[in-house]
1. Consider only pairs whose beta carbons are under 9 Å apart and that are at least six residues apart or on different chains; among these, list those whose first residue lies in region 134-150 and is without any contact (Cβ under 8 Å) to a residue 24 or more places away in the chain and whose second residue is among the hydroxyl-bearing types (Ser, Thr, Tyr) and part of a helix (DSSP H, G or I).
2. Is it true that some residue in region 24-36 is surrounded by fewer than 16 Cβ atoms within 10 Å (Cβ to Cβ) and of a type in the set (S, T, N, Q)?
3. Testing ALA68 on (1) under 20 Å from LYS149 (Cβ atoms); (2) modelled with pLDDT under 85, one condition comes back false. Which one is that?
4. Taking region 138-148, which residues are surrounded by fewer than 21 Cβ atoms within 10 Å (Cβ to Cβ) and in a helix (DSSP H, G or I)?
5. I'm checking my understanding of the structure. Among residues of region 158-188 that are modelled with pLDDT of 90 or more and buried (at least 16 other Cβ atoms within 10 Å of the Cβ), which one is nearest to VAL53 (Cα to Cα)?
Amino acid sequence: MSTNESEFQKIYDTFQPKVLRYIARLVGEHEAEDLTQEIFVKIGQALPTFRGVSQLSTWIYRIATNTAMDKLRSPSFQQIAQFSLSDDSFESDDYAVLVKEDKPPIEKQLIREEMNDCIRGYIEKLPGDYRAVLVLSEYEGLKNNEIAKILGITLDTVKIRLHRARTKLKEELEANCEIRWSEDIPCNVI
């Protein structure tokens, strides 16, 4: 195996699960695996030109984000998205609200599932720019300056989009999700 191939293999082994999870959150589970493979083909082709000006992870997430946004804008994807929002595009635990017990009673589990479904649907409906910032921040755990580099936007733009995404999501949840809140299930899911 050549040096470039072994370097790519290390990158693939390290980042493939992260990119797959990120892409699934942006475009849905049904498109994630194919799109992740496409992303790693692009990474493999561009790897010799990587100058190291930014962190490797930033560069990889930038390629992933650009590829996902291209997919979201494609007419074929938009037609599919009009007909159905995928029920399996997020794992139910991704948006699970933490409760203090290890195994909550069945009523709490049902409330939690209902809430997860509602949240999932409204995150999928957010505009792509807002969804990308929200997913990178809340679910990938990246800092605002890292998100700015990945998306190629200013730090202020990240802050604005993140605020608007959270506000929009909160408004939609409050207006449309019929969830019975309890003391064990906090209202602020994001």
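1. That search, which allows pairs on different chains as well, returns LYS143/SER137; ASN144/SER137; ILE147/TYR61; ILE147/SER137; ALA148/THR157.
2. So far as region 24-36 goes, no, none of its residues is surrounded by fewer than 16 Cβ atoms within 10 Å (Cβ to Cβ) and of a type in the set (S, T, N, Q).
3. All conditions are met except number (2).
4. At the first step, the residues of region 138-148 found to be surrounded by fewer than 21 Cβ atoms within 10 Å (Cβ to Cβ) are 138-141, 143-146, 148.
If the condition is that a residue be surrounded by fewer than 21 Cβ atoms within 10 Å (Cβ to Cβ) and in a helix (DSSP H, G or I), then GLU138, TYR139, ASN144, ASN145, GLU146, ALA148 are the ones that fit.
5. By that ranking, first place goes to VAL158.
The values are calculated or read from the model by the stated rules, or taken from the named source; none is laboratory data. Keep in mind it's a predicted model, so treat the numbers as computed, not measured. Ideal geometry is used to build each Cβ from the backbone, glycine not excepted, and the neighbour counts take in all protein chains shown.
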